[in-house]
Amino acid sequence: MSNTFGRLLRVTTFGESHGPAIGCVVDGCPPGLEVAPEDFVEDLARRATGRSRHTSQRREADAVEILSGVHQGLTTGTPIALLVRNTDARSKDYDAIAEQFRPGHADYTYWQKYGLRDPRGGGRASARETTMRVAAGVIARKWLAQRHGVMVRGWLAQLGNVVPRSADLGAVEGNPFFWPDAAQVPELESYMDALRKSGDSVGARVTVAATGVPPGWGEPVYGKLDAELAAAMMSINAAKGVEVGDGFASVPQKGTQHRDEATAAGFLSNHAGGILGGISSGQAVVVSVAFKPTSSLRLPGRSLDVHGNEVEVVTTGRHDPCVGIRAVPICEAMLALVLMDQALRHRAQCGDVGDISPRIPG
């Protein structure tokens, strides 16, 4: 039923937005990695709603319970089961639209696929599910850092029509927008305040990068690193486009401009986003994701109900005016999970190859 992704590192998520709990099972994590409930606090808080007035005001505790796969603080090599209880669901907010299809939402397609749907907060289609991706990503990020020195970082690269004027990654965690230009934060505050008051929403672009990735991860045809990253990012709620490296900006470039020339001192550029022929080059792996505007709006929109009648839909409740803001830690998690899976697959097949000379610095 496609609730599992990965090959050697396999992650299965379960649960709905307004059910009693959400959870995941992480299978394939090597033994001996230190994991404790407090490890999840920071990243889940970064993803959480209610972090500022610019996101949904749903306030979940997001406390992780480790049910299996960890003994005396170390992973055992068996499936790691994680659970998060839902503590602030307000299902009554959806009573009025229980039989209506919200425009731009998954209501209609779920109805067509399953013949029924859970209208409470979108059920399985809710971004609440991504909490468990972030939790699983905590494990992957920790393993990648300790085993290979890989670091994963993300930032908001565009909010509506606003783009950063500078790229100071040190500023990203100091504001609620994950924005790399601290001087622009007041402008973003005003932009979002006006948007929220209007009742409308807007899209965003998120960029994530992994540094320290060694060359050789990925497979040449059907297991391409960039192909699996694209699939992972497109599986996130509201994602509508993925770029690796320069992405669509490559179209007007000349080959002499786009090719990443190399010298003994290292690569001279990284237009390819750290992936050549589906395999990591040793440069930073860079991925960008476009997120559509939030579909749940309090502004009336035309649609149908389950009986085929034309209706005017108004979505009440607590919703993000821009889902892309909270997508930064989600994209980071998906990048980390794909990289760990690819690292384990590379080790399984090519672990005896060792270092190959020459090795171009990233």
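Taking the condition of being part of a strand (DSSP E or B) and closer than 27 Å to Val163 by Cβ, how many residues in the stretch 255-298 meet it?
Going through the stretch 255-298, the residues part of a strand (DSSP E or B) turn out to be 262-263, 266-267, 275-276, 279-280, 285-291.
When the remaining residues are screened for being closer than 27 Å to Val163 by Cβ, the result is 267, 275, 285-291.
Adding up the residues that qualify gives 9.
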Restricting attention to the stretch 304-317, does a residue exist that is touching a Ser or Thr at 6+ places or on another chain (Cβ under 7 Å), under 30 Å from Asp95 (Cα atoms) and buried (at least 19 other Cβ atoms within 10 Å of the Cβ)? yes
Members of the stretch 267-276 found to be touching a residue at least 24 places away in the same chain (Cβ under 8 Å) and either under 11 Å from Trp217 (Cα atoms) or polar (S, T, N, Q) (or both), listed by number: Asn270, Gly274, Ile275
Of (1) buried (at least 20 other Cβ atoms within 10 Å of the Cβ); (2) within 24 Å of the chain's Cα centre (by Cα); (3) assigned to a loop (DSSP other than H, G, I, E, B), Arg117 fails just (2)
For the stretch 97-111, what are the residues that are in contact (Cβ under 8 Å) with a residue 12 or more places away in the chain and either in contact with a helix residue (DSSP H, G or I) (Cβ under 8 Å, 6 or more places away or on another chain) or over 14 Å from Ser296 (Cα atoms) (or both)? Glu99, Gln100, Phe101, His105, Ala106, Asp107, Tyr110, Trp111
Counted residues, the stretch 24-42 - those being closer than 13 Å to Gly137 by Cα, at pLDDT 95 or above and among the charged types (D, E, K, R): 2
Filtering the stretch 29-50 down to residues that are assigned to a loop (DSSP other than H, G, I, E, B) and buried (at least 18 other Cβ atoms within 10 Å of the Cβ) yields Cys29, Leu33, Val35, Ala48, Thr49
For the stretch 230-251, how many residues are under 13 Å from the mean Cα position of the chain (by Cα), aliphatic (A, V, I, L, M), on the phi < 0 side of the Ramachandran plot and outside any helix (DSSP H, G or I)? 3
Identify, please: which residue in the stretch 84-96 is in contact with a helix residue (DSSP H, G or I) (Cβ under 9 Å, 6 or more places away or on another chain) and at pLDDT 80 or above and is, among those, surrounded by the fewest Cβ atoms within 10 Å (Cβ to Cβ)? Asn86
Kindly provide the set of residues from the stretch 70-83 that are in contact (Cβ under 8 Å) with a residue 40 or more places away in the chain and surrounded by 15 or more Cβ atoms within 10 Å (Cβ to Cβ), ordered by number. Thr75, Thr76, Pro79, Ile80, Ala81, Leu82, Leu83
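The values are calculated or read from the model by the stated rules, or taken from the named source; none is laboratory data. Not measured: the values here are computed from a predicted model. Positions of Cβ are backbone-derived with ideal geometry, glycine not excepted, and every protein chain shown enters the neighbour counts.
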